Structures are given as structure tokens and as C-alpha cells.
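Report on the structure given below.
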Amino acid sequence: MSLHKEIKSKWLQVVEFIEKNFEKKPDLNAVLFLIGIRELGQINEKPFTKEEKTHLMHIANCRVLSYSGYYKLIGQDQNGWPVWEKDQPIPNLTLLEQENLLRQHIIEYFEQEEIIVFDE
């Protein structure tokens, strides 16, 4: 199977997993939001504010892009939220290339965290 087909197949498995567990088909942003919540490791009693949702997606982006060494975790802020630092510049990519890079790393996240065992 070509790399492109393998990534597409695994991405569909991620989408199916989330759809099955949350009864809603996610887009890329929804998947990142869920990763951000998981990385935060706490659930708010009240809904997240718009600012917090943006921060959660940033946490997720940093977490998955850390697999390529673009970010590193440097600690937590006073509220217990993860703080990431850019470790190396992210290459200039088209929007499609950025989405594909994120999808590859999200797949890796689901594998590394043992959330999904992918069909080969």
C-alpha cells in the first residue's frame, strides 16, 4: 500500500473511532480539539470559553507537531495547562500540505498513545 493510501486509511479509522465514541463525524479541527482536551487532562465543569478552545487546539497542534521536533513541552502554566515552545521552524507548506502533516501526526498520536490499533 502506498504511503498516501496508508495515511488515508488510518485517517478514516481515526474519524470512525471518534464518530463511534462521540456520535458525531469530526473534521480536523474537532480531532485537534479532542486531543487538546486529552492533553490538558482535566474536564471543566462549565463549557470552555472561546479563548480556552483556541488554546486547547494550540496545545494539540504543538503536541502532534512535537513528533517532528517542531515543538517541545517546557512545563505548565499556573492553571496546569501545558506550555509548549517552538523548537525549530515549521517549513512553509501549502494548506493541503499542512493538513496532511497534521493528519500524519494525529495518526502517530493515536498509535503512540495506544488509543487505536490500526488495521494494516
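Every number here is computed from the coordinates shown, using simple stated rules; none is lab data. For clarity, every value in this text was computed on a predicted model and none was experimentally measured. Note that we place each Cβ from the backbone using ideal geometry, even for glycine, and neighbour counts take in every protein chain shown.
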Rank these for me by crowding, 67, 109, going from fewest to most other beta carbons within 10 Å.
67, 109
Scan (1) 0.96; (2) 1.02; (3) 1.19 for the value of Rg/Rh (Cα atoms, Kirkwood Rh) calculated from this model and give just the label.
(1)
Residues meeting the amide H criterion for residue 84 (H placed from the backbone, H to H distance under 5 Å, 5 or more places apart or on another chain) are 74
Compare the Cα positions of 109, 28, 74 along the charge dipole of the chain (+1 at Cβ of Lys, Arg; -1 at Cβ of Asp, Glu; about the Cα centre) and return the one farthest towards the positive end.
28
Computed about the Cα centre, the charge dipole of the chain from +1 Lys/Arg and -1 Asp/Glu charges at the Cβ has a magnitude in debye, to the nearest 20, of 260 debye
Would you list, by chain and number, the lysines whose Cα falls below 22 Å from the Cα of residue 86, excluding same-chain residues fewer than 8 positions away?
53, 72
When the helices in the chain are scored as -39500 (n - 2.57) per DSSP H run of 4 or longer and the sum is shared across all residues, what 222 nm value do you end up with, to the nearest 500 deg cm²/dmol?
-18500 deg cm²/dmol
Local electrostatic count, residue 66, Cβ distance below 13 Å [Lys/Arg +1, Asp/Glu -1]
-2
Can you compute 3J(HN,Hα) from phi for each residue in segment 58-73, using the Karplus curve 6.51 cos²θ - 1.76 cosθ + 1.60 with θ = phi - 60°, rounded to whole Hz and x for Gly and Pro?
5, 4, 5, 4, 4, 4, 6, 6, 5, 4, 9, x, 6, 10, 9, 6
Could you give each residue of segment 51-57 its phi-based ³J(HN,Hα) in whole Hz, using Karplus coefficients 6.51, -1.76, 1.60 with θ = phi - 60°, and x for Gly or Pro?
5, 5, 4, 4, 5, 4, 5
Modelled FRET efficiency - R0 30 Å, residue 98 with residue 45, Cβ distances, 0.05 increments:
0.30
With θ set to phi - 60°, apply the Karplus curve 6.51 cos²θ - 1.76 cosθ + 1.60 along segment 76-87 and write out the HN-Hα couplings as whole Hz, x wherever there is a Gly or Pro.
10, 7, 5, 9, x, 7, x, 10, 10, 10, 5, 9
Cross-link reach list, aspartates and glutamates versus residue 25, counting only Cα pairs under 14 Å and skipping chain neighbours closer than eight places:
16
